[in-house]
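Undergrad: Got a structure here, written out as C-alpha cells. Questions coming.
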Amino acid sequence: MAIYHMQAKVVSRGSGRSAVAASAYMSCSRMYNDYDGIQHDYTRKHGLIYQEVLLPPMAPPEWKDREQLWNAVEVAEKTKDSRLAREFVVALPIELDKDSNISLLQNFIQKNFVDMGMCADFAIHDTDGHNPHAHILLTVRPLNENGTWQYKTEKEYLCIKNGEEKGFTATEFKAAQKDGWEKQYRYKVEKKKIYMTASDAQEKGYDRIDKHPKSSRYGRQNPISEQWNSDEQLCVWRANWADTVNEMLARNQINASIDHRSFADQGITEQPTIHEGYIAQNMEKKGMIADRCEINRQIRADNQMLRELKTQVSKLAQAVKHSIPVIAETMETIRNHMIFTQYHLLHNEMQKEVIHDWMNHFNPILNKYNTVKKKLKAKVTERKELNVQKDKTSILNPIQHIKLNQQLTTVTEEIEELKSRKEQLIFQAQCSTDKDMMNLSKKYDQMNNNLDILDSQDISLKKQLEKDAAAFREEKFRPDPEQYTELLDTRIQIRPDFRDKLIEQLKGTFGKYYDYHRRDIAANEVDYLNVEDPDVFSHRAWELEYQRKREIRRNQPARTREKKSYDIEL
C-alpha cells in the first residue's frame, strides 16, 4: 500500500556529519574527504537499487562525479558548524516497478530542486524488497551563472542617521554613506561600553575600544537561500511530492493515492499508529509480544471501532431523525464506544502501574550498578598508574617501593570488593553478565519511552471520550420529554445485544488481558459522565420483565390455569 513519508534533515558539521560521508553512504561507494582527510568506504553496504547526480545548467560538468561535487561543497564552507547539505528521505510506492520509481524521482527532483538551482545527488534503496525509499542530498548554497558559489549570508552593518537605525550590506553602505548614514563603533563612556558614531564620539572625546562596527547578529541572508530554508517552501515540496506520486499512480492505472496532510488537516479523527521498528517486529515473528506492536493493535482496534461508529451514524442520519428506535440505537452505539474508550484508558493505567512497579524495582539496582561500575573503572585506572609509577621508581628507593606496594595492595582489595558488589547487583537484577545488565538498562529506557507513548495515547482517548459524550448528550435531548419512557424501554430491550457485542470487541482487542471487573468499572464511569443512573435502568428493566410475565399468565387458557390451581391444592 502506498504511504506518504517525507523526512527533511540538514547535514551540518555542527552535528558531526559531512556531505562527503552522507553521499558515500547513500550511494554505497568509496569517497575521500579533502576537508578532514578521511576515507569513507561503504562499498559493502547492500540495498542500492539506483543512484544519479542531477545538475543545474550553471554547475561545472565535472560535478557529475559526486566526490568532486561534495568536496567542492566542503571547501566552500569554512566554519566548524557549517550547514553543508539538505537531505530528504522519501518512501516510494511499492505498487510501482523500478523504472517507474526512477522516473518518478527524476521528475520530482528536476522540477522541485534542480530547476531552482540546486545540485541533487540521489539514490534508491530497498534492503528487503518491501521498503523502497530514496535519499536525496541537495546543495544549500546558490550558484552564480559562472558556476561559482554565492554567499549564504552577508555582513549587515547597523548604521545611524538622525536617530534612526538601519541595516546595510557593504555594497549598500557605499551609497548610504553619501546620504549621511554612519557606522557605529563601541566606545568607552566612564565604566560603560556604548555604540555610537565616530562623529558623536569625536565631539565628546571618547576613545574607541573596538575596531569592528556594530552589525546584525546573523547578517543578511541570501534571498534565494532564505526561500529554500523557509517553512513555506518545505510545505510546497511536501505537497508536490504527494501530487507527483499520485500522478504516477494514476498514469499506471493503480487505484491508490497518498496525502501529505496530517490526520487533523484531513479531518481524520483516527489515532495514528506508532513506529514499531525491526526489533519489535522480529520479536513478534518469534512468538513474543512486543509492547509497540501491542499498542498498535489496540490503536487499530480503536480506529476500526471508530470507523464502524461513523458508518453507523452515517446510516442513522439517513433515517428519520426523531425516530425513537434510531435514537436509542445511536445512544447505545455511542455508549458502547465510550465504554470501550474508558476501558482502554483503565487498561493503560494498569499497564503504567506495572511499568512503574518494574522501574521502581530496577531503578535503584541500575543506579547502584552504574555507580559501582564507574568506581571500579576508576580503581582499575588507578592501579595501572601505580604500576607504571612503580616500574619507573628506582630500586635504590626502597621506601617508595614499599609505599607503592601498600597502595597497590589497598587498591587491589578495593577492586575485589567492588567486583563482589557488582556481582551481587547483577544477581539481584536476575542477570548473569554485564551484557545482560546493558540489555536491562536498554529495556528500562524502552519502558520509560512506553510511558510517554501511553500518556500521549491517553490524551487522544480522553479527547475522543469528550467528543462522544457531547454526541451522546445531543441524542439524549433530541426526543420530546413525553417520549422519555419509550426511549428508555427501547434502550433496555436492545442493550443486551450491544453488551454482547462490546464484550466480543474487548476480548478481541485485549485478549487475555480482558477483565470483566474493569469493564463494569468503565461502564459505571461512562454512565456517570453521561449523567445516567444505572438504578433507573435496572428498576425499569425489572418492571418490564414483571409486566411481560403477567401478560403471559393473562394470555394462558383458563383450563390450564385451573389445572395449575388444582395441582397446587393436591
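The values are calculated or read from the model by the stated rules, or taken from the named source; none is laboratory data. As the structure is a computational prediction, the values presented were derived from the model and not from experiment. Because the Cβ atoms are built from the backbone with ideal geometry, glycine has one as well, and the counts that use them run over all protein chains shown. Areas reflect the complete protein model, heavy atoms only, side chains present, ligands, DNA and RNA absent. Shrake-Rupley method; radii C 1.70, N 1.55, O 1.52, S 1.80 Å.
Undergrad: Name every residue in segment 1-12 that is in contact with a helix residue (DSSP H, G or I) (Cβ under 9 Å, 6 or more places away or on another chain) and outside any loop (DSSP other than H, G, I, E, B), in order of residue number.
TA: Met6, Ala8, Val11
Undergrad: Quick check, is Met6 under 28 Å from Trp228 (Cα atoms), at pLDDT 90 or above and surrounded by 15 or more Cβ atoms within 10 Å (Cβ to Cβ)?
TA: Criteria not met by Met6.
Undergrad: Any idea how many residues of segment 205-216 are surrounded by 14 or more Cβ atoms within 10 Å (Cβ to Cβ) and within 30 Å of Ala85 (Cα to Cα)?
TA: Residues meeting the conditions: 1.
Undergrad: Look at Lys211 and say whether it is under 30 Å from Pro60 (Cβ atoms) and not aliphatic (A, V, I, L, M).
TA: The answer is no for Lys211.
Undergrad: Against the definition (out of contact with any Asp or Glu (no Cβ under 8 Å at 6 or more places or on another chain), at pLDDT 90 or above and under 16 Å from Met118 (Cα atoms)), how does Trp63 come out, yes or no?
TA: Criteria met by Trp63.
Undergrad: Can you tell me which residue in segment 111-138 is surrounded by the fewest Cβ atoms within 10 Å (Cβ to Cβ), limited to those that are charged (D, E, K, R) and assigned to a loop (DSSP other than H, G, I, E, B)?
TA: Among residues in segment 111-138 that are charged (D, E, K, R) and assigned to a loop (DSSP other than H, G, I, E, B), the one surrounded by the fewest Cβ atoms within 10 Å (Cβ to Cβ) is Asp128.
Undergrad: If I go through segment 180-221 residue by residue, how many of them are of a type in the set (Gly, Ala, Ser) and part of a strand (DSSP E or B)?
TA: Number satisfying all stated conditions: 1.
Undergrad: Then there's this: Which residues, counting only those in segment 497-553, are over 37 Å from the mean Cα position of the chain (by Cα), open to solvent by less than 40 Å² (accessible area, probe 1.4 Å) and under 15 Å from Glu332 (Cα atoms)?
TA: Correct list: Glu532, Phe537.
Undergrad: Does Thr148 meet the test of being in contact (Cβ under 8 Å) with a residue 40 or more places away in the chain and under 47 Å from the mean Cα position of the chain (by Cα)?
TA: The answer is no for Thr148.
Undergrad: Follow-up. Is it true that some residue in segment 407-423 is over 30 Å from Lys310 (Cβ atoms), open to solvent by less than 60 Å² (accessible area, probe 1.4 Å), touching a residue at least 60 places away in the same chain (Cβ under 8 Å) and in a helix (DSSP H, G or I)?
TA: Checked segment 407-423: no residue is over 30 Å from Lys310 (Cβ atoms), open to solvent by less than 60 Å² (accessible area, probe 1.4 Å), touching a residue at least 60 places away in the same chain (Cβ under 8 Å) and in a helix (DSSP H, G or I).
Undergrad: Being open to solvent by less than 60 Å² (accessible area, probe 1.4 Å) and without any contact (Cβ under 8 Å) to a residue 60 or more places away in the chain is the filter here, so list the residues in segment 424-433 that pass it.
TA: Within segment 424-433, Ile426, Cys431 qualify.
Undergrad: What are the residue pairs meeting all of these: first residue in segment 358-369, first residue over 16 Å from Met447 (Cα atoms) and charged (D, E, K, R), second residue assigned to a helix (DSSP H, G or I) and open to solvent by 10 Å² or more (accessible area, probe 1.4 Å), Cβ atoms under 9 Å, and 6 or more apart or on different chains?
TA: Pairs that qualify, where the first residue is over 16 Å from Met447 (Cα atoms) and charged (D, E, K, R) and the partner is assigned to a helix (DSSP H, G or I) and open to solvent by 10 Å² or more (accessible area, probe 1.4 Å), are Lys368/Arg421; Lys368/Gln428.
Undergrad: Looking at segment 70-104, which of the residues that are in a strand (DSSP E or B) and either more than 25 Å from Ile124 (Cβ to Cβ) or of a type outside the set (Val, Ile, Thr) (or both) is most open to solvent (accessible area, probe 1.4 Å)?
TA: Arg83
Per-residue answers, yes or no, for (1) under 24 Å from Gly180 (Cβ atoms); (2) loosely packed, with under 12 Cβ neighbours inside 10 Å:
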{"site": "Glu203", "(1), (2)": "yes, yes"}
{"site": "Tyr218", "(1), (2)": "no, yes"}
{"site": "Ile224", "(1), (2)": "no, no"}
{"site": "Glu232", "(1), (2)": "no, yes"}
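Undergrad: Working carefully through the options Met437, Met447, find the one that is surrounded by 13 or more Cβ atoms within 10 Å (Cβ to Cβ), touching a residue at least 60 places away in the same chain (Cβ under 8 Å) and over 18 Å from Asp357 (Cβ atoms).
TA: Criteria check complete, one pass: Met437.
Undergrad: Under 7 Å by Cβ, and 6 or more places apart or on different chains, what pairs join a residue from segment 307-333 that is at pLDDT 75 or above with one that is among the polar types (S, T, N, Q) and surrounded by 12 or more Cβ atoms within 10 Å (Cβ to Cβ)?
TA: Ile324/Gln483; Ile324/Thr490; Pro325/Thr490; Ala328/Thr490; Thr333/Gln312
Undergrad: Okay, next question. Before we move on, is Tyr157 surrounded by 14 or more Cβ atoms within 10 Å (Cβ to Cβ) and over 49 Å from the mean Cα position of the chain (by Cα)?
TA: For Tyr157, the condition - surrounded by 14 or more Cβ atoms within 10 Å (Cβ to Cβ) and over 49 Å from the mean Cα position of the chain (by Cα) - is not met.
Undergrad: Let me ask something additional. How many of the residues making up segment 38-69 are in a loop (DSSP other than H, G, I, E, B) and either buried (at least 20 other Cβ atoms within 10 Å of the Cβ) or more than 31 Å from the chain's Cα centre (by Cα) (or both)?
TA: Counting residues in segment 38-69 that are in a loop (DSSP other than H, G, I, E, B) and either buried (at least 20 other Cβ atoms within 10 Å of the Cβ) or more than 31 Å from the chain's Cα centre (by Cα) (or both) gives 8.
Undergrad: For Ile402, are the conditions met, namely being open to solvent by 50 Å² or more (accessible area, probe 1.4 Å), among the hydrophobic types (A, V, I, L, M, F, W, C), over 30 Å from Asn448 (Cβ atoms) and not in a helix (DSSP H, G or I)?
TA: When the stated conditions are applied, Ile402 does not pass them.
Undergrad: Continuing with the same structure: Quick one: which helices (runs of 4 or more DSSP H) sit completely within segment 445-562 and have at least 3 residues that are modelled with pLDDT of 90 or more?
TA: Qualifying helices (runs of 4 or more DSSP H): 484-510, 516-529.
Undergrad: Additional query: Would you pick out the residues in segment 160-189 that are β-branched (Val, Ile, Thr) and open to solvent by 30 Å² or more (accessible area, probe 1.4 Å)?
TA: Ile160, Thr171
Undergrad: Residue check, Ala24 against (1) more than 30 Å from Glu95 (Cβ to Cβ); (2) in a loop (DSSP other than H, G, I, E, B); (3) touching a strand residue (DSSP E or B) at 6+ places or on another chain (Cβ under 7 Å), all met but one. Which one?
TA: (2)
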